[in-house]
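The values are calculated or read from the model by the stated rules, or taken from the named source; none is laboratory data. The model shown is predicted, which means the values in this text are computed figures rather than measured ones. Note: ideal-geometry Cβ built from the backbone for every residue, glycine included; neighbour counts use all protein chains shown. Surface areas here come from the heavy atoms of the whole protein model, side chains and all, with no ligands, DNA or RNA. Shrake-Rupley method; radii C 1.70, N 1.55, O 1.52, S 1.80 Å.
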Amino acid sequence: MIEGISDDAESGQDGRWTLQAGEYVLVFVESDLDVYLAAIERA
């Protein structure tokens, strides 16, 4: 697990992590030592 991303997040391809947050899915991307919120999508 990457520091700063919840333990509930699921890792995916290309350094992406997804997290279900109510009716939304948050997509995070890691790059070197940084974590970015890449997308917020409806579940």
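Below are the figures for this structure:
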item	result
Looking only at the stretch 16-43, and only at residues there that are modelled with pLDDT of 85 or more and assigned to a loop (DSSP other than H, G, I, E, B), the one that is least open to solvent (accessible area, probe 1.4 Å)	GLY22
Close pairs from the stretch 27-40: first over 11 Å from GLY15 (Cα atoms), partner surrounded by 15 or more Cβ atoms within 10 Å (Cβ to Cβ) and charged (D, E, K, R), Cβ under 9 Å, at least 6 apart	ALA38/ARG16
Residue in the stretch 1-15 that is modelled with the lowest pLDDT, counting only those that are open to solvent by 50 Å² or more (accessible area, probe 1.4 Å) and in a helix (DSSP H, G or I)	GLN13
